[in-house]
1. Report, by residue number, each residue of segment 257-278 that is more than 14 Å from CYS111 (Cβ to Cβ) and among the aliphatic types (A, V, I, L, M).
2. Of the conditions (1) more than 24 Å from the chain's Cα centre (by Cα); (2) under 23 Å from ASP26 (Cα atoms), HIS81 satisfies every one except a single condition; which number is it?
3. Quick one: which of GLY12, GLY40, GLY83 is surrounded by fewer than 17 Cβ atoms within 10 Å (Cβ to Cβ) and in contact (Cβ under 8 Å) with a residue 24 or more places away in the chain?
4. Quick check: is even one residue across segment 274-289 loosely packed, with under 15 Cβ neighbours inside 10 Å, within 16 Å of the ligand (Cβ to nearest atom) and more than 19 Å from LEU89 (Cα to Cα)?
5. Of all the residues that make up segment 80-102, how many are within 10 Å of the ligand (Cβ to nearest atom), under 12 Å from ASP33 (Cβ atoms) and in a strand (DSSP E or B)?
6. Take segment 104-141 and flag every residue that is more than 10 Å from the ligand (Cβ to nearest atom), surrounded by 13 or more Cβ atoms within 10 Å (Cβ to Cβ) and of a type in the set (Gly, Ala, Ser).
7. Enumerate the helices (runs of 4 or more DSSP H) found wholly within segment 10-79, keeping only those where 2 or more residues are away from the ligand (no atom under 12 Å from the Cβ) and within 24 Å of PHE107 (Cα to Cα).
8. Residue under question is SER235, and the condition is that it be touching a Lys or Arg at 6+ places or on another chain (Cβ under 6 Å) and of a type outside the set (Val, Ile, Thr); does it hold?
Amino acid sequence: MIKTDVLIIGAGPVGLFAVFELGLLDIKAHLVDILDKVGGQCAELYPEKPIYDIPGIPYITGHGLTDALMAQIKPFNPTFHLGEMVTTLDKIGEPAFRVATDAGKTFEAKCVVIAAGGGSFQPKRPPINGIEPYEEKSVFYAVRKMENFRDKKLLIVGGGDSALDWTLNLQPVAQRLTLVHRRDEFRGAPDSVNKMRELVAAGQMDLKIGQVSELEGDGGKLAAVSIKDKAGATSRVEIDAMLPFFGLTMKLGPVADWGLELKDNLIPVDTGTFESNVPGLFAIGDINTYPGKLKLILSGFHEAALMAQQAYHYVFPDKKLMFQYTTSSTSLQKKLGVA
Ligand SMILES: Cc1cc2nc3c(=O)[nH]c(=O)nc-3n(C[C@H](O)[C@H](O)[C@H](O)COP(=O)(O)OP(=O)(O)OC[C@H]3O[C@@H](n4cnc5c(N)ncnc54)[C@H](O)[C@@H]3O)c2cc1C
C-alpha cells in the first residue's frame, strides 16, 4: 500500500505539469502510466514533430517538451509507476481514494487527478490479410526514431495529416518513399498535400492510388507489397518497412468503470477547480470536457494550476493558501532549489 497526497493517472504533458503546480504547494504526487515512458501523446505519437503553440516556446518537439517538463518537475521528485494501468478507483473517504493497478499495486490518496488523455490509445489496423506477424518488425504505426528508417525503402499508407507529415519528414531520410492512398484526394493540410505533389513531380518520391492488397515477406520481414488500383490492376513495390496511418482508436479503458458521470466518453468538470462530480477527484487535459474546451497542451497546463489550488484545501484543510509568484517568492524559489 502506497500512501500519497495525490495520485495522478497519466504521465502525459498535462499529468507531468500537474506535478509542478502541486509541488509549488508542497503536495507530493505519484504518477501511473500504461506506457513504459512519460510524455503521453507527445512521446508516443509525435516525439520528433514540432509543436509551435506552447506559450513562450516558439518551437519544440514532442520529445523536447517531455524532457523540458521532466527537468521542470525534478525538484519535486515525483514517483513514476510506468507500464502499469490503473484498473480500479474507489472512494474511501471525504475525500480519499483507493486506486489499484494491473501490476498489483494499491495506492491511497487524498485526491486523484485523472490526466488520462484519450485513455489508452491504439492505432487502427489496416484491413490487410496477414499483417499481424509484421507488426513492430517491419510494419510500424508510429515513428519513434526517424533514424531507424534511414536509407530504407518505405511505404506510407493513408491520406490524413499523419500520413502526409511523415511522408514529408521521412522522404529526405529514406532511400525511396512511396505514399499509397485509396483515392487521389487527401484529408491532410493543403500545404502538406502541395509539398508532397511537388516531390512526386520532381521524381523524389512515388505516389500510388490504390490499396495494399497483399504482403510478401518472411519471419516478420517485409520484402514487397502488392497495390491494387480502382480498375483492379495490381502493381508490386519492393519495401523494407510499411507505415500505415489509419488514425487512432482512443479506448477509454477502465476510466469508464469508475462510476464517474461521463459525456461523450469525457469527464465533465467545474472550470473553477477542474473537479469532476466527485469532490477530490479531478480531471485535467484531453480527458475532460467543459464549454469551450480545446484539446491543447496549453489548456491542460492552465487546468493543472487551478486543480492544484483546490487540491491544497483537501490536502491541508487547516492551512490558508497564499497566492505567490515564482519570480518574487523566496519560499517558492527554495522549493525549486534556486534560492
Ligand atoms: C499528431 C498530434 C499532434 C499534436 N500537436 C499538438 C500541438 O501542436 N499543440 C498542442 O497543444 N497539442 C497538440 N496535440 C494534442 C496534445 O498532444 C494533447 O492535447 C496532449 O497530449 C494531452 O495531454 P494529456 O496529458 O491530457 O494526455 P495524453 O498525452 O494523452 O497522456 C495521457 C496518458 O494517460 C495514460 N493513461 C490513460 N489511461 C490510463 C490508465 N487507466 N492507467 C494509467 N495510465 C493511463 C496514457 O497511457 C497516456 O500516456 C497533438 C496531438 C497529436 C496526436
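1. Hits for segment 257-278 are LEU260, LEU262, LEU266, ILE267.
2. Every condition holds for HIS81 apart from (1).
3. Of the residues listed, the single one that is surrounded by fewer than 17 Cβ atoms within 10 Å (Cβ to Cβ) and in contact (Cβ under 8 Å) with a residue 24 or more places away in the chain is GLY83.
4. Checked against the condition, which is being loosely packed, with under 15 Cβ neighbours inside 10 Å, within 16 Å of the ligand (Cβ to nearest atom) and more than 19 Å from LEU89 (Cα to Cα), segment 274-289 yields no hits at all.
5. Total satisfying the criteria: 4.
6. Within segment 104-141, ALA109, SER138 meet the criteria.
7. So the answer is 13-24, 62-73.
8. Criteria not met by SER235.
Read the figures in this text as sums done on the coordinates, not as results from a lab. In this text the structure is predicted, and so the values were computed from the model without any measurement. FYI the Cβ positions are ideal-geometry reconstructions off the backbone, even for glycines, and counts take in every protein chain you see.
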